[in-house]
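First the structure, in the form of structure tokens, and then the observations on it.
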Amino acid sequence: MVVRKAAKADLSLIVDAYRLAFAWDEERSRRYVEMTGLDCFRVLEKNGQSAAVWAVVPCGHWFGGRVVPAANIAHVAIQPEFRGGGLAAEILDLSCEDARRDGAILASLFASTRPVYRRAGFNLAGHEMIYEADTSELYKIRQELRSRRVPLTGARAALEPIYRAASSTECGLLDRHDAHWNAHFDATTSVPSVFVFGEDEGYAVLDTSSPGTIGVRDWTAINGAAARQILRFIGTFSTVFEKTRWHGAPQDALVFAMPDKGWRLVHQEEFLIRVLDPGSALSARGYACADADLTLAIKGDDRVTQRISIKGGRATCAPGANDSEYALTVQSSHFASLFSGFRSASFLRRAGYADGNSETVALADKVFAGPPPWVAEHF
């Protein structure tokens, strides 16, 4: 098998693979390649034939106020004649090696078939959630409205500082690549409208292409006032659009700003992470726990023990003693869930995937505590 970066001559191959795998037409596939960047695509050749294509998109994930270098593995398309032979697992391993060479510490994805991805070392790490609200309810929100429109050509420069400020207080959100921003601003089907609220305290990218529903392609609110302004602003469209939809968090700022009725959860899915280098990942993320020392033993085919020393919310890691009495032992298959804060140490101990004395488990709960992890896009 040979894996190589895609070239312009591979566009027809990508179009064909995505037609068969995802029922995309040629225009959609070519647009996706354009927005993502051809340099992100990989082609796998087996026995001289093109067997699969996919994208490896460099990015990061925010944890504890710091960005952990990562890569999204996206839209894996295996040609029909090569399916059923275990190729997906090999693609995942090759993609993770590729990502590590480019500096990634984490690999993340959405899984169409979770057992395959879990066997490859990925596990649940956070949520993707889509909420829906009745726009008629939004007039009930009391908040002075201050907004300004931003031209699409300069939108990223205006929005990215707001996004980064808000992301630093969340867990899981992407440190975005060009591909992610391009998707939010894509004008192929409809031209989005971009608005900034307050003193650059929030923004919303609105899509009016769906009859009856005004879509919020992207949004950020640094504080409650900005969240209320976004909702009240969307409420001004209620005579045309009955509903609105947005990606949000498990503890969502827009839901919190809503009246008691008029909103609902319409979609929930989880993204998965594989930790490519545990020591580097533990050192790269931030921690709400200001100072702590914890020995973490990751148990898989072999046992990797890390001594984590946290000072001022930042950690240094060094190999720890395998026989430490005060170690938290976690199965390697569930380490990603602990690392992201998707599962607590105490939850994993109850489920039988972690072990340690009560004092150590309680300390690990504090070390990995934080907002529930989520992402604002599907990749």
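The values are calculated or read from the model by the stated rules, or taken from the named source; none is laboratory data. Keep in mind that what you see is a predicted model, and the values were worked out from it rather than measured. Note: ideal-geometry Cβ built from the backbone for every residue, glycine included; neighbour counts use all protein chains shown. The area values use the complete protein model at the heavy-atom level, side chains included, leaving out ligands, DNA and RNA. Shrake-Rupley method; radii C 1.70, N 1.55, O 1.52, S 1.80 Å.
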Task: Counted residues, segment 217-248 - those being open to solvent by 10 Å² or more (accessible area, probe 1.4 Å) and more than 16 Å from Ala166 (Cα to Cα) - done: 12
Open item on the list: With the requirement that a residue be part of a strand (DSSP E or B) and surrounded by fewer than 16 Cβ atoms within 10 Å (Cβ to Cβ), what does segment 310-341 give you?
Closed with: Lys311, Thr316, Ala318, Pro319
- [ ] Considering only segment 101-204, give the helices (runs of 4 or more DSSP H) lying wholly within it that have at least 2 residues that are at pLDDT 95 or above, open to solvent by 30 Å² or more (accessible area, probe 1.4 Å) and over 22 Å from Lys243 (Cα atoms).
- [x] 155-167, 178-184
Open item on the list: Of the residues Arg28, Arg19, only one is without any contact (Cβ under 8 Å) to a residue 40 or more places away in the chain, part of a helix (DSSP H, G or I) and closer than 21 Å to Thr113 by Cβ; which?
Closed with: Arg19
Open item on the list: Pro278 - would you say it is farther than 27 Å from His184 by Cα, open to solvent by 30 Å² or more (accessible area, probe 1.4 Å) and touching a residue at least 40 places away in the same chain (Cβ under 8 Å)?
Closed with: yes
